[in-house]
1. Name the residues in segment B:142-163 that are modelled with pLDDT of 85 or more, in a loop (DSSP other than H, G, I, E, B) and closer than 20 Å to C:R273 by Cα, would you?
2. Return the pair list, or none, for Cβ contacts closer than 9 Å from residues in segment C:91-104 that are under 20 Å from C:W287 (Cβ atoms) to residues that are surrounded by 24 or more Cβ atoms within 10 Å (Cβ to Cβ) and of a type in the set (D, E, K, R), at least 6 apart or on different chains.
3. Residues of segment A:290-301 being touching a Leu at 6+ places or on another chain (Cβ under 7 Å) and not in a helix (DSSP H, G or I), which ones?
4. Considering C:V224, C:V178, C:V229, which residue is outside any loop (DSSP other than H, G, I, E, B), within 17 Å of the chain's Cα centre (by Cα) and free of Cβ contacts under 8 Å to residues at least 12 places away in the same chain?
5. Would you call B:A121 surrounded by fewer than 22 Cβ atoms within 10 Å (Cβ to Cβ) and either part of a helix (DSSP H, G or I) or more than 8 Å from chain C (Cβ to nearest Cβ) (or both)?
6. Quick check on segment A:151-159. Is at least one of its residues within 12 Å of chain B (Cβ to nearest Cβ), modelled with pLDDT of 80 or more, outside any helix (DSSP H, G or I) and within 23 Å of A:A128 (Cβ to Cβ)?
7. Every residue in segment B:226-236 that is part of a helix (DSSP H, G or I) and closer than 25 Å to B:N328 by Cβ, please.
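The values are calculated or read from the model by the stated rules, or taken from the named source; none is laboratory data. Worth saying up front: this structure is predicted, and the values here are computed from it rather than measured. Positions of Cβ are generated from backbone atoms using ideal geometry, with glycine treated the same way; all protein chains shown enter the neighbour counts.
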Amino acid sequence: MLDERHCAAPVASVRDLKVYFQSKRGIVHAVDGVSFDIRDGETLGLVGETGCGKSVTGRSFLRLLPVPPCILAGGSVTFHTHVVCKACAGVGCEACDGTGRQAGRDRSVDLLGISSEDMRRIRGDRIAMIFQDPGKALNPTLPIGAQIAEVFLQHRTEELIALAGLPPDTVGAIRRFASQSPRFGDGWLLSLPGPRRAQRLRVEESLAKMVADALAETQVPNPGKLMARYPHELSGGMRQRVMIAQALACNPDLLIADEPTTALDVTVEARILELIRNLQQRRKTSVLYISHDLSLVRRISDRVAVMYAGRIVEIGTTAEVFANPRHPYTRGLMAAVPGADTPRGKLAAIRGTVPELVDPPTACRFAGRCPHETGTCRSNDPVLEAITPSQSVACFIDHPAQSGERPTYERVTK
Amino acid sequence: MQLRDYILRRLMVLPVLIIGVSIVVFTLTRIGGSPVGIYLSHEMTPDEVAEIEARFNLDKPVWVQYLYWVRGIAMGDFGWSGVAAAPVADVFPLKLAATMELAIASGLVALFLGIALGTYAGARRNRLPDHVTRIVAVSGASLPQFWFGILLLIIFWAHIGIAPIGRSDAAIFASIAHPTGLYTIDAILAGSPTALWDAIWHLVLPSVTLGYGATAIVARMMRSALVEELQQDYVDAARAKGLAERIVLKRHARRNALVPTVTVIGLTFGFLLQGTITVEIIYRWPGLGRWMADSVLRGDQATLMTYVLFTSVLFLVVNLIVDLVYANLDRRVTLGK
Amino acid sequence: MTDVQQSRIAAGAMTADTAFRVRMRRLFGVLQGMASNPATVIGLVIIALMLVMAIFAPWLLEPNSPDPYQMPRDWGAVRKPPGTPGHPLGTTNEGGDVLYGVIWGSRTSLQLSLMVVGSTMIVGTIVGSIAGLVGGWVDEVLMRLVDVFLSIPELIFALAIAAVLGPSFGNIILALAVVLWVKYARIMRAQVLQIKQHDFVDAARVIGDSKLNIYLRDILPNAVTPVTVQATLDMGNVVLIGATLSFIGLSEAGIAEWGVLVSEGQAGIASGRWWASTFPGLMIFLWALAFNLVGDGLRDALDPRTEGR
């Protein structure tokens, strides 16, 4: 299974991504030269501490970063979209093996370079996102049905019109209604009795059906009734299901999941994880799963990338990274995870704190906290290099610099 | 359930506050001495004075006098206005209509303009339109209305000579019936474009004077509420769905920012109510405010008491309605103790 | 003295010292925050100019005798436009020098605002503290009183009081003081109740500090912030309302007060004499604007949440 994945072409490739933030104290290098691929259908786990830049990395796929104070300083995020299946309009049918997509690629775009209008078309349709706290990520004053409906109105206008039994060349107020771009007076036009009003009701009916179907996918009880509820009337788990339904409504190629279970109870967490896993496997969606929870990432990911202070320090298949962590930071993280056989009081913490990312010096970012550090680490910046075909690490232990000593694991005495 | 308790409690506190206000108003006027003076003349003998005091119950203990006053109000007797030379209750509705027309016109303009301005600024935070709006808002809160009104009069009335003074042209005003007392509405009801034009033309400058500060209050609140909302996760989530920025702003952020903005309507209303006093003086507007100012200067206690009591009750009721609407609107609001 | 007592005193001294340092550092941060906001700086500059004008008024323009707060009347130069020799800003209908009114009016306004804000702050702080600390029926009664006072619109309330007391500038000060103390009482009570919840107050209570000690050392310093913001905003607000009352006619005619001058100048505008109202009114506006700008800046600087708004 893994081998097959290795050959799979990436759905998105991040190359040397640099995202900086302007702050009072200077320019913060929040993400500083990050490169990785997300392969077709895989789940890539992105782990790291709070503030290491993992969320910023995730958000840059959708360019959901406030442009001042944020600076997109360089690099690219190339996204290879699929062709949406013509037969089922992305809903999933036999012709496309239930994925809603046709084999092969449509085109490649640099997500950081396209116009905001093009970006907008990709958001929610080809790349979707689940947020950390579903209580905050849902608009408190709109019924959840209306919120999910917006996705269809934005991206599935044609299908909506077809489903409502209207001719595909429908124009005017009703099309504007179905694409959520009303003009002044459309509201009155569509609510006055007459053929237009009947058409609007048909579109609304089809819309409700699409929303109910999307909700049903996430195994919520009674989706029809749920649509009229407000977010505050639902439990945290239910809200996150709504978020997932909303994110997967258009069958995206890539799902960015930014700590989707952090705000939830542990019991709910397991069910949500299972749900994401199931939906993803059925629809062959790729997932970038961002989390600070190592054991969780281990459970859900095919591959894992470890981020530290704006850099990826280690990336590889989950099996390899967990069996044989090479970077001292990865090792430290794993030692900090309690296992069933960890004796009480023996939990290791990494000494020190994450360095300030204002104008970082040319040095390994982990220098100062690393138990194996040498002079080399403080004057050279290690880059990510492969140590096996499926594991890379940015550390001088495995890739000695041209000059200078080489740190070894043996030097650790504590 | 919880909301109903809240409404009930607020409704129960309202009469307590109204009684409190009436006591304060009554006490206040008695501090200035017995109101018997307005009924007296120099030639009266002590016996005559005593007789008048007895007639108006002024020889009774103060708290009994208070009860007589309250009973009078309950029966629609607010006393005699020396300034208007008529019972307060007779003059009040006419003056009130004139003031309300001015306050409502200013308030409506302020509400729409303030929301538009606040949205415009909040969506462009820390850019030029935002800074300009902030200057407008802060200066609006600092502007003495009586001075602003005079400046407008100097320019548009004294120098350019296009703006009128007063509420209406007497001849045109007399030409139509006045069932509502609101000149603009009456003009529309009478179907007289001349009267409507006259009404609006007279309304423009006073409304601008009164409305500027109110616009500033609303714009300021709207701006900060919008800025607050735009930082919420659901705004990013809406963008992540692929919604156009216009829809994110209008359907999500602005809609929710309007909820806290509702709370300043009470404040704005108080502001407008107070502002009518000076604005009516400057523009010779025959409303409550000018009547009050005249009464204050000429010791017309009955008018003063009625006016303070009336505006306070109105202020309380408006604030109550605003709070209830807010509690109802905001599904996130946790009702305080 | 036992070791325990000694060490407690030492610990107390240390925490008091660090608490002082923390406060100083915070104050410095606040000042820095204010200095970085151009609007606040503009406000501070205007306030500084106004203060200079008020303090040095006797040196800027010869005081009118016997009462310098009374407008001097130059009956030989009535209704003169700005630029007239001896009357750079012109004169009023009654020969009052507008410049004199502008400069000495700043002194009047400073007195008004300092007296009203000072007295309301003290009374409000005391009443609010008592309500918050004592609680029970005392709190209930005081707060209902505050609610009643807040039910009457400020200007109308002050107008009614001043009207009853009779037209004089002193009565305007008194009226404003009676109306405005409730704000401070409310702020102070909320602060006391809020801070009472904090852990460090509990900690002090556990150590066995007296209630008064806790109040003076822990509660009062923390409540300074919102009271200061309100006081700054009120410094401008008070002059605005006071001038409005003067304009309506509730202070003595002929005193060097901006509102009175605007009112006096109003009669001349039909004949094109714009200056007598314009300049004093501008001063009211600038005064209120300056304190509003600084008050807002102060609030933003004190509240980390509003950073950069």
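1. B:P144, B:I160
2. The qualifying pairs are C:G101/C:E257; C:W104/C:E257.
3. Those that are touching a Leu at 6+ places or on another chain (Cβ under 7 Å) and not in a helix (DSSP H, G or I): A:I290, A:S301.
4. C:V224
5. It is false that B:A121 is surrounded by fewer than 22 Cβ atoms within 10 Å (Cβ to Cβ) and either part of a helix (DSSP H, G or I) or more than 8 Å from chain C (Cβ to nearest Cβ) (or both).
6. yes
7. The answer is B:L226, B:V227, B:E228, B:E229, B:L230, B:D233, B:Y234, B:V235.
Yes/no per residue for (1) modelled with pLDDT of 75 or more; (2) over 20 Å from A:V31 (Cβ atoms):
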{"position": "A:G310", "(1), (2)": "yes, no"}
{"position": "A:E314", "(1), (2)": "yes, no"}
{"position": "A:N324", "(1), (2)": "yes, yes"}
{"position": "A:R344", "(1), (2)": "no, yes"}
{"position": "A:V358", "(1), (2)": "yes, no"}
{"position": "A:R378", "(1), (2)": "yes, yes"}
{"position": "A:Q391", "(1), (2)": "yes, yes"}
{"position": "A:A401", "(1), (2)": "no, yes"}
